[in-house]
Amino acid sequence: FTRPDHPLAGQSGISVKTLGAEHFVLAPMPSVIRGLLQRRFNDAGVELQVAWEITSPRARLQAAKSGLGITAVGSNMLETEATRDLVELDVEGFPIPCEWILTWRPTRLSLAAATFREYLLTHTALPD
């Protein structure tokens, strides 16, 4: 995500090589999204330029709104108030698919664990 007046806004098929010249606002490592992004850049032989490390996804989006760089957030942040006034860049090979594996003991789950499990099972696409 970036500001609507960013030079890459509105372009289609942006390459990772092109993004190599941009500054990013990302979560500090370890971060699933940053790790996936770092791997994609490494595979393309491009250095990921991290200008700011900010833990909160909403704060990263606010930083992008302020023009501090491009940010990447999870799909759960799409279509939220936090992404208003930002544009999603059309980058080749994105979004990056991410597979999650959920395991639990066959014993009784705590209320928090059961709620989380139910949320994942009802809000994510399951493989065929």
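The values are calculated or read from the model by the stated rules, or taken from the named source; none is laboratory data. Since the structure is predicted, the reported quantities are computational estimates derived from the model, not experimental observations. Quick reminder, even Gly has a Cβ in these numbers, built from the backbone with ideal geometry, and neighbours come from all protein chains shown. In case anyone asks, the SASA skips ligands and DNA or RNA and just uses the protein heavy atoms, side chains included. Shrake-Rupley method; radii C 1.70, N 1.55, O 1.52, S 1.80 Å.
Points to keep in mind about this one:
- Heavy atoms of the protein chains alone define the surface here; on that basis the chain has 69 Å² accessible area per residue at 1.4 Å probe size.
- Among LEU68, LEU61, the sequence by solvent-accessible area, most first, with a 1.4 Å probe is LEU68, LEU61.
- Kyte-Doolittle mean at least 1.6 and Cα axial length at least 30 Å: DSSP H helices in the chain: none
- Label corresponding to volume of the Cα convex hull per residue in Å³ when calculated from the structure given, among [x] 104; [y] 141; [z] 126: [y]
- At an R0 of 35 angstrom, the distance between the Cβ atoms of GLN38 and ALA113 translates into a FRET efficiency of 0.70.
- Annotation note: GluC sites (Glu not before Pro) in the stretch 1-95 located in DSSP loop regions with a Cβ neighbour count of at most 14 within 10 Å are GLU47, GLU79, GLU88, GLU92.
- Exposed trypsin sites (Lys or Arg not before Pro) absent - longest run of the chain, DSSP non-H/G/I/E/B, at most 15 other C-beta within 10 Å: 1-83
- Two-decimal Rg/Rh across the stretch 1-49, once Rg and the Kirkwood Rh are taken from alpha-carbon atoms: 0.97
- Per-pair calculated FRET efficiency, R0 = 22 Å: ASP5 and TRP100 via Cβ, rounded to 0.05: 0.05
- Entry note, the chain: relative contact order of 34 percent, from Cα contacts under 8 Å with a spacing of 6+ residues.
- DSSP bridge orientation in the chain - percent antiparallel, rounded to nearest 5: 10 percent
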